[in-house]
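Everything below concerns the one structure shown next.
The values are calculated or read from the model by the stated rules, or taken from the named source; none is laboratory data. In this text, all values refer to a predicted model and were calculated from it rather than measured experimentally. As a convention, Cβ positions derive from the backbone with ideal geometry for all residues, glycine included, and neighbour counts pool all protein chains shown. Areas reflect the complete protein model, heavy atoms only, side chains present, ligands, DNA and RNA absent. Shrake-Rupley method; radii C 1.70, N 1.55, O 1.52, S 1.80 Å.
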Amino acid sequence: MPSVSTEAPVTAGASAAPSVPLAPSDQLTPGGPGYRRMSLALFAAGIATFALLYSTQALLPAISADFGVTAGQASWTVSAATGALALFVLPLSALSERFGRRTLMTASLVVAVVVGLLVPFAPNLEWLVALRAVQGAALAGLPASAMAFLAEEVRPKALVAAIGLFVAGNSIGGMSGRILTGWVAQAWGWRAALAAVGLLAVACAVVFRALLPKARNFTSRTLSPRALARTVGAHLSDPLLLRLYAIGGLFMTVFGAVYTVIGYRLVADPFNLPQGVVGSVFVVYLVGTVSSAAAGRLVGRLGRRGALYLAVGTTTAGLLLSLADALAAVLLGLVLITAGFFAGHAVASSSVSRTAKSGRAQASALYQSSYYLGSSAGGTLGAIAFHTGGWAATVALGLLAVLGVVSITLYGSRCARAERRRALAGH
């Protein structure tokens with residue numbers, strides 16, 4: 001799930017346009033003309049994005065069996081897509097400043113859908129991984145542009161609700177894509193399952209293009225790579241932002257490892273679950289919707305670091321519980337891992353926009369890059385660990401990443417205390 005900023009992006013990497021206050025009639029509001037169409041369009045785009053991005057994740061055991069490859073090799077069909085998205089989200093966010101959010105979102109979705117229709121015909125693993133990398137690069141244009149489009153076109157009071165619907169589309173797309181592929185694969189094989197996701201994405205793309213209203217508040221800007229480099233360099237030299245990027249990446253390493261490998265565990269002894277049931281396990285994602293929504297209240301009660309510690313504790317408990325050979329314990333472990341991950345991700349991603357004083361769009365894009373690089377690393381390393389030492393090795397990798405989050409948070413606390421002491425000494 002991408003990080004969310006409810007503030008309009010500050011352009012970096014483009015020449016600044018004069019700031020012109022928007023008349024209320026220029027922005028969309030709930031109940032007003034265009035708002036419902038815009039919401040449904042971006043909801044459809046969110047479903048397509050995450051259904052396509054993780055379309056092979058629930059199918060990895062079947063892909064391994066068909067191509068005769070290990071879990072680590074098959075995991076590249078997921079890692080290539082998320083890794084390419086991580087690499088392209090920043091440059092595509094800059095391109096949207098020049099060519100428009102609507103144009104870039106449309107182009108990104110069309111390319112991703114076309115590739116999605118080709119993916120089922122990949123003759124071997126190498127072609128499948130290559131096509132998935134192209135697909136991930138194309139999909140990078142959607143989260144990069146959707147948030148900026150909403151910030152420009154929706155009245156501020158309605159912005160949180162509009163962004164929430166787009167994120168809901170992300171979550172539902174990620175969940176439904178995995179469930180759909182699981183049941184279709186059980187009946188007709190993994191290629192038919194990927195074709196079904198491709199057709200779902202086609203329908204979503206048609207709805208998106210038919211409903212999305214034209215941008216009324218976008219102003220094209222001249223790209224300035226030098227200005228973009230300065231903004232990115234400033235963000236990467238900010239110690240707090242770097243810690244937040246690392247926390248997001250490490251949390252996603254845990255999540256990517258667990259959900260890439262869980263299918264292999266559940267289809268084998270002692271569970272021996274059919275592919276359709278394994279795909280349905282991803283309904284656990286709904287827990288993440290609840291925990292991410294509760295993150296704001298947790299921060300209010302416990303503070304940012306307290307909420308992170310709670311997220312870490314919940315994730316750790318889930319990892320340890322999943323070691324049991326009882327299906328109920330494994331499923332409860334997945335619930336706790338998912339709740340802890342989404343809470344931690346919500347805390348870290350929301351902190352990025354609050355920390356960045358300028359160039360918030362680029363700060364958010366850098367967080368997304370770290371987040372999806374964590375997904376790629378977790379998927380590949382988790383699968384290698386599973387192939388080498390079974391589920392216990394995958395859990396050990398997750399615990400190591402969690403330890404990294406704890407270490408970074410403790411270091412941040414120490415830095416904050418030292419800063420307070422310096423401030424008091426200065427008075």
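Taken together, the residues in the range 197-231 that are surrounded by fewer than 20 Cβ atoms within 10 Å (Cβ to Cβ), touching a Ser or Thr at 6+ places or on another chain (Cβ under 7 Å) and either closer than 30 Å to Ser55 by Cα or β-branched (Val, Ile, Thr) (or both) amount to 2. For the range 207-225, the count of residues that are modelled with pLDDT of 90 or more, of a type outside the set (S, T, N, Q) and on the phi > 0 side of the Ramachandran plot is zero. Only one entry in Gly46, Gly72 is within 19 Å of Leu180 (Cβ to Cβ) and within 22 Å of the chain's Cα centre (by Cα), namely Gly46.
For Ala234, the criteria (1) under 23 Å from the mean Cα position of the chain (by Cα); (2) farther than 28 Å from Pro120 by Cβ; (3) open to solvent by 30 Å² or more (accessible area, probe 1.4 Å); (4) among the small types (Gly, Ala, Ser) hold in every case but one, which is (1). List every residue pair whose Cβ atoms sit under 8 Å apart, with the two residues 6 or more apart in sequence or on different chains, where the first one lies in the range 407-418 and is touching a residue at least 40 places away in the same chain (Cβ under 8 Å) and the second, anywhere, is open to solvent by less than 30 Å² (accessible area, probe 1.4 Å). From the range 407-418, the pairs are Ile408/Ile247; Thr409/Ile247; Thr409/Leu308; Thr409/Val312.
Number of residues in the range 66-89 that are under 20 Å from Ala385 (Cβ atoms) and open to solvent by less than 50 Å² (accessible area, probe 1.4 Å) equals 12.
Here is a yes/no grid of residues against (1) at pLDDT below 70; (2) in contact with a strand residue (DSSP E or B) (Cβ under 8 Å, 6 or more places away or on another chain); (3) open to solvent by 20 Å² or more (accessible area, probe 1.4 Å):
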site	(1), (2), (3)
Val134	no, no, yes
Pro143	no, no, no
Ala148	no, no, no
Leu159	yes, no, no
Phe166	yes, no, no
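Of the helices (runs of 4 or more DSSP H) lying entirely inside the range 44-138, those carrying at least 1 residues that are acidic (Asp, Glu) are 60-67, 76-99. Checked against (1) open to solvent by less than 50 Å² (accessible area, probe 1.4 Å); (2) modelled with pLDDT of 95 or more; (3) closer than 30 Å to Leu273 by Cα, Val115 passes all but condition (3).
Listed by first and then second residue, the pairs linking a residue in the range 237-249 that is of a type in the set (Ser, Thr, Tyr) to a residue that is assigned to a helix (DSSP H, G or I), with Cβ atoms under 7 Å apart and 6 or more places separating them unless they lie on different chains, are Tyr245/Leu366; Tyr245/Tyr367; Tyr245/Ser370.
Taking the criterion of being touching a helix residue (DSSP H, G or I) at 6+ places or on another chain (Cβ under 8 Å) and not aliphatic (A, V, I, L, M), the residues of the range 267-284 that qualify are Phe271, Pro274, Gln275, Gly276, Gly279, Ser280, Phe282.
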